[in-house]
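What follows is a short report on a single structure.
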Amino acid sequence: MMNKEHLSKKSFPWAHVIGYVGSIVLTVLALWFTVKAPLSQGSIITILLALAILQILIQLIFFMHITESRGPAYHSIAIALGFLFTFAVVAGSLWVMTFNSQVQ
Amino acid sequence: MFKSLVLYLKNADPLIQMSAVAIVLTLIGIVVALTYYKKWGWLWREWITTVDHKKIGIMYLICALLMLFRGGVDALLMRTQLAFPGMNFLDAQHYNEIFTTHGTIMILFVAMPMLFAMMNIAVPLQIGARDVAFPFLNAVSFWLFFFGALLFNLSFVLGGSPDAGWVSYPPLAELSHSPGPGINYYVLSLQISGIGSIATGINFIVTILKMRAPGMTLMRMPLFTWSVLASCIVIIFAFPALTVALALLGLDRIAGTHFFTMLHGGNPMMYVNLFWIWGHPEVYIAILPVYGIFSEIVSTFSKKYIFGYKSMVISLMLISVIGYFVWVHHFFTMGAGPGVNSFFAVASMAVGIPTGVKVFNWLFTMFRGRIRLTLPMLWTLAFIPCFAIGGATGVMLAAAPGDYQFHNSYVVIAHFHQTLIGGAVFGLLAGMYYWWPKMFGFKLNETLGKWAFWFFNIGFYVCFMPQYALGLMGMTRRVYTYPAATGWGTLNFVSTIGAYLMGIGFLFIVVQVLYSIRYGERDMTGDPWDGRTLEWSLPSPVPYYNFAQIPTVNGRDAWWEMKQQRKEYSLSSTKELKPIHMPNNSSLPFFMGLAFFVAGFGLVFNQFMIATVGLIGVVVCMLWRSLEKDTGHWISVDEIKQMEAS
């Protein structure tokens, strides 16, 4: 699939390294906030959501080449669909599980 | 570990001991036969190391049929136990294990591989491609599925099957309530085969978007290819939820965390939520390609273009999106508020609308068509009323207040068997009959197939219609027996008869395949059904490079158009042949699957040394692949000419 120009350019893949380290740092931070940080549940959830959004950006920019070129229309549709489903899972789960606060 | 395994077998049910002996004997038989006929090299070169999408499809099909047999035997054992009140055929524990393995196997190791088989065989041929986008990854997917299924099936002879239902909800599935390796088998085998499924989803999306022949725009794609695209979109968005749910449950069981135990602030309801975020889209993953299969079959055997092509495409896409917003209807009774339940009830009912559009389009395609009642068409016709009833009962269940009454009763069992058998199984069998000549070069015998069809269909209604009544009478699912005073005996007995009729139907399919290998009508033209899409332009079985020359597509139903214009896609223009670039075979996918299997087996029994060895194997395989220079090989024009002439 790769064209020849791409193959001949053998520079070190710095973007991948930055992305890899960045995604691990964000994961460790998320774990630290949940396990160690003396914060209320509400603020922890807010911080986790912010970290998750950063994580998505890192994946899109460093691994999924979102900035590289303009592709066919289905690229934007796919990204939009991805965000829709992510929103459905996160917001949906939070909403579905709200009753739990009354139960516990 | 081995001592406990021996102890387990010693104390096991005679049924399990007999199966263990049968497995060992079968294995010895296979090894002896392969050695005697000197077939090891052939097996290794032609099948195990292959990256050819057609062969991978055939291997998926064989595994799916074997697993269908296993899941079917599970079903018959359950129905035998329930035939009379107070039966003593299976004990409670064994019954729990059997309904768990039946559900898991039928969804993940029958429906999934069977539809992967259809995808692999038909999609690259329909879009005019030489293989899938990532042939190596395709082989990795197959071997992960294979070893996942193997790990799952080992459970009942080595240490005990999972017994917490195919959903394995905590706290029941936690270590505190289900000690022993059973649930670990479930978690790890699903995890391993799940990686393969996600890879297949990505592979086919890329194949469909990037590998189409010149002229095949998106709106000229055959509907089966569209439906696979829709299904793969659902796969890559839904499967990660299962991966997360199983990973957390596995950590709870193996590493002692508390994600789903109440003890340290865990929450079992979160597992239920995550499981169904995957679990409901999963039924659309299984049913969407089947809609595509029916569209191909209805169009071919009515000799008409499909009615409402655009609306078919739109409804496929709508189902794959709306299908993502309905998962809570599996746990309305969990106690979420009226807001949550109403939203998901309405969304669940809304999915029925695009589905209804499709059914009407099939009917209108048949209207004034020249219908030929071949086996694929028979199964398609049987699907329509069956699925309509399944859909109607689905809307009943989607109404949240009604669901409080139906939940956990046999109404639910009858409903989802009606959609999954009447939809997915009928469709996958129809697809198997339809593409069988393309895969193997001969047709399956019609007479034996009709016997199978009628036994299976009548058996289906005899088996599941009484279960609606039983559910309304109060019979709950997952009970291993019931007292005579409940009055459920007669209907249960009728249902069991139906199950056996379906079993006879399956045996007819087996006989049909065996008979047709010898005596089936050979397909000399490559186009036995007078087909409409590009796969029928090729000889059967298809040469491994698929198209000697990539065709140019000028419209929908490309092959039909070519036939109408008498423009033979063919061998006449051999002058224009060019060398073909093909991927190399590789043994790495097999070894990678094996390494995952070893790691999974180690984790099942908390043997971390074995698990580490397996995981190191996985990493070594990945490094090997990353550093290996594999640029494929070229087929010369002379070789192509030779193969096209033969």
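General remarks:
- Meets criteria (part of a helix (DSSP H, G or I) and under 22 Å from B:Ser315 (Cα atoms)) for B:Gly402: no
- Matching residues in the range B:42-60 - criterion: being crowded, with 18+ Cβ neighbours inside 10 Å and basic (Lys, Arg): B:Lys54, B:Lys55
Rundown of residues vs (1) assigned to a loop (DSSP other than H, G, I, E, B); (2) at pLDDT 95 or above, yes/no style:
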residue	(1), (2)
B:Ser348	no, no
B:Gly352	no, no
B:Gly356	no, no
B:Phe364	no, yes
B:Arg368	yes, no
B:Pro376	no, yes
B:Trp379	no, yes
B:Ala382	no, yes
B:Ala388	no, no
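- Qualifying positions in the range B:54-110 - of a type outside the set (A, V, I, L, M) and part of a loop (DSSP other than H, G, I, E, B): B:Phe84, B:Pro85, B:Gly86, B:Asn88, B:Phe89, B:Asp91
- Hey, B:Phe260 in a loop (DSSP other than H, G, I, E, B) and within 30 Å of B:Gly180 (Cα to Cα) or not: yes
- Residue match in the range B:408-418 (condition: closer than 30 Å to B:Ser537 by Cβ, crowded, with 20+ Cβ neighbours inside 10 Å and touching a Phe, Trp or Tyr at 6+ places or on another chain (Cβ under 9 Å)): no
- Each residue in the range B:83-108 was checked for being aromatic (Phe, Trp, Tyr) and open to solvent by less than 10 Å² (accessible area, probe 1.4 Å), and 1 of them qualify.
- When the range B:5-15 is filtered for residues that are out of contact with any His (no Cβ under 8 Å at 6 or more places or on another chain) and surrounded by 12 or more Cβ atoms within 10 Å (Cβ to Cβ), the ones remaining, listed by number, are B:Leu5, B:Tyr8, B:Leu9, B:Ala12.
- Test: residue in the range A:52-64 that is modelled with pLDDT under 85 and either out of contact with any Asp or Glu (no Cβ under 7 Å at 6 or more places or on another chain) or assigned to a loop (DSSP other than H, G, I, E, B) (or both): yes
- Screening the candidates B:Thr225, B:Thr243, B:Thr261 for the property of being open to solvent by 30 Å² or more (accessible area, probe 1.4 Å) and more than 11 Å from chain A (Cβ to nearest Cβ) yields one hit, B:Thr243.
- Members of the range B:186-222 that are within 11 Å of another protein chain (Cβ to nearest Cβ) and in contact with a helix residue (DSSP H, G or I) (Cβ under 9 Å, 6 or more places away or on another chain): B:Ile205, B:Ile208, B:Leu209, B:Met211, B:Leu218
- Cβ-Cβ contacts under 9 Å between residues 6 or more apart (or on different chains), taken from a first residue in the range B:295-321 that is touching a residue at least 12 places away in the same chain (Cβ under 8 Å) to a second residue that is acidic (Asp, Glu) and crowded, with 20+ Cβ neighbours inside 10 Å, are listed as B:Ser299/B:Asp557; B:Tyr305/B:Asp557; B:Ile306/B:Glu296; B:Ile306/B:Asp557.
- Within the range A:65-78, the set of residues being open to solvent by 60 Å² or more (accessible area, probe 1.4 Å) and not in a loop (DSSP other than H, G, I, E, B) comprises A:Ala73, A:His75, A:Ser76, A:Ile77.
- Residue check for A:Ile45: surrounded by 12 or more Cβ atoms within 10 Å (Cβ to Cβ), modelled with pLDDT under 85 and out of contact with any strand residue (DSSP E or B) (no Cβ under 7 Å at 6 or more places or on another chain): no
- Residue within the range B:554-563 that is of a type in the set (Lys, Arg), part of a loop (DSSP other than H, G, I, E, B), surrounded by fewer than 17 Cβ atoms within 10 Å (Cβ to Cβ) and at pLDDT 85 or above present: no
- Residue list for the range B:62-91, restricted to those being hydrophobic (A, V, I, L, M, F, W, C) and within 17 Å of B:Leu507 (Cα to Cα): B:Ile62, B:Cys63, B:Ala64, B:Leu65, B:Leu66, B:Met67, B:Leu68, B:Phe69, B:Val73, B:Ala75, B:Leu76, B:Leu77
- Scanning the range B:611-635 for residues that are part of a helix (DSSP H, G or I) and open to solvent by less than 50 Å² (accessible area, probe 1.4 Å) yields a count of 5.
- The range B:565-589, subset among the hydrophobic types (A, V, I, L, M, F, W, C), open to solvent by less than 40 Å² (accessible area, probe 1.4 Å) and touching a helix residue (DSSP H, G or I) at 6+ places or on another chain (Cβ under 8 Å), residue modelled with the lowest pLDDT: B:Leu577
The values are calculated or read from the model by the stated rules, or taken from the named source; none is laboratory data. It should be emphasised that the depicted structure is a prediction, and the values quoted were computed from it without experimental measurement. Ideal geometry is used to build each Cβ from the backbone, glycine not excepted, and the neighbour counts take in all protein chains shown. When the accessible area is computed, the model is the full protein with side chains, heavy atoms only, and any ligands, DNA or RNA have been set aside. Shrake-Rupley method; radii C 1.70, N 1.55, O 1.52, S 1.80 Å.
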